[in-house]
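Undergrad: Structure below; questions to follow.
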Amino acid sequence: MTTPRPKDYRMPAEWAPHEATWIAWPHNAEDWPGKFQPIPWVYSEIVRHLSRVEDVNILVNDLPAEKRATQLLRRAGANMARLHFHHWATDRVWLRDSGPIFVKNTEGATAITNWKFNAWAKYDNWRRDDQIPQHVAKLYAMPEFRPEVNDHRLVLEGGSIDTNGAGVLLTTEECLLSEVQQRNPGVSREQLEAAFAEYLGIEKVLWMHRGCAGDDTHGHIDDVTRFVGENTILTAVEKNTADENHLPLAENLDRLKSARNLSGDTFDVRELPMPNPVIFDGQRLPASYANFYIANDLVLVPTFNDCHDRLALNIIAECFPEREVIGVHAVDLVWGLGTLHCMTQQEPA
């Protein structure tokens, strides 16, 4: 079996029950230049929340790193019984993009799709991160599939896609089809859609145009548009017509309003505000409430000391009435050009 399709594997929705969340402990100070000191504490707070509702697998570079992390996590009040450390060296900590993308079938079996990771076709240091999915597959003795097109191993980051768990996938043309930070030269839209069908069980792809301003990945979907239900989509909008996010996000909204589900019906499209621009050291950062993470009984939402924080939390809470919705201060975290969704990867139960 060379692909998951014959066994009806499909990528579950993020809100489906989790076995665990995977993260990597921050260690590369260059990812938060001049502002690294608070980051391990931000991670400790996030793990404290996650460990109330599910296990957390934490990648660390070595035993001293595990000991330092353990000290912080104990002081933060994390549930240590639910934390599991793995000594696998990483280049960066954005496991949404470098970690395994799990698929599951109707019989309950789970497998790993191991897409190539090349640091967003932008940085040179990615080879340790590219090994993470095969480490997880070996740990679990789980089937592992490596997507290819024309003997070319396909590059894909988890932050560039979002699914409703029922065969529909969201992505952006800016990320997957642009010649800037080009992931898969010579691979067409149709070939990518065929690969999503073959490896993730996707029957329909909804192509948005662009991501948000300041996005180092060149257009990840998880900063702008997310499924929050099988037929419900939350999409970021910018009301300020002078802001560089206004037009791209308005076009995404327009595309979503005319999109159809597998039954030919419209989606329930809801609008999510953007925070006011977050600028540090003269650089616009990819601050977005859409980078939330859905855990068991919990949704963690990045907040930015902004007047839109409360509105965004209320909108997301309306989408998840059965879950506790918690804001996590992310002004320091976003200086690393990612927040809560970027740092996490769910493992389905």
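Undergrad: Give the shape of region 1-137 as rounded, prolate or oblate, defined through the alpha-carbon gyration tensor: a ≥ b ≥ c are the square roots of its eigenvalues, a/c under 1.5 means rounded, and otherwise the shape is prolate if a/b is larger than b/c and oblate if not.
TA: The shape class here is oblate.
Undergrad: Mind checking the alpha-carbon convex hull of region 81-229 and giving the volume per residue in Å³?
TA: Per residue, the Cα convex hull of region 81-229 comes to 141 Å³.
Undergrad: What length, rounded to one decimal in nm, is gained on full extension from ASN61 through to GLN134, with 0.36 nm per residue of separation minus their alpha-carbon distance?
TA: Working it through step by step, the gained length comes to 24.6 nm.
Undergrad: Give the percent of DSSP beta bridges with both residues in region 5-348 that are antiparallel, rounded to the nearest 5. The partial results should precede the final answer.
TA: On the way: 23 of 53 bridges.
Roughly 45 percent of the DSSP beta bridges within region 5-348 come out antiparallel.
Undergrad: Between ARG310 and LYS122, take the C-beta separation as r, use R0 = 45 Å, and let me know the FRET efficiency to the nearest 0.05.
TA: Here the calculated transfer efficiency is 0.85.
Undergrad: Oh, and also: Pull out the extension gain between ALA349 and ASP265, defined as 0.36 nm times the separation in residues minus the alpha carbon to alpha carbon distance; nm, one decimal.
TA: Additional length available on full extension: 27.2 nm.
Undergrad: Roughly speaking, what is the centre-to-centre gap between region 117-159 and region 201-267 when only Cα atoms are used, to the nearest Å?
TA: Centre-to-centre (Cα) distance: 26 Å.
Undergrad: Next question. Which whole-number percentage describes the relative contact order of the chain, with Cα contacts under 8 Å and a sequence gap of 6 or more?
TA: Relative contact order, the chain: 20 percent.
Undergrad: Which option, (i) 33, 23, 19; (ii) 29, 24, 21; (iii) 27, 25, 20, is the value of semi-axes √(5λ) of the Cα gyration tensor in Å that was calculated from these coordinates?
TA: The value matching this structure is (iii).
Undergrad: Going down the table (LYS67/LYS138; LYS116/LYS257; LYS67/LYS116; LYS7/LYS138; LYS35/LYS122), which pairs top 29 Å between alpha carbons?
TA: Beyond 29 Å: LYS116/LYS257; LYS67/LYS116.
Undergrad: To the nearest 0.05, what FRET efficiency results for THR3 and SER178 with a Förster distance of 30 Å applied to their C-beta separation?
TA: Computed FRET efficiency for THR3 and SER178 comes out at 0.70.
Undergrad: Run the helix sum for the chain: -39,500 (n - 2.57) per DSSP H stretch of 4+ residues, divided by residue count, reported at 222 nm to the nearest 500 deg cm²/dmol. Numbers along the way, then the final one.
TA: Details: 10 runs with 87 residues, N = 349.
After summing the helix terms and dividing by residue count, I get -7000 deg cm²/dmol.
Only the coordinates and a few stated rules stand behind these numbers; no lab work does. For clarity, every value in this text was computed on a predicted model and none was experimentally measured. Here the Cβ is made from the backbone with ideal geometry for all residues, glycine too, and neighbour counts use every protein chain on show.
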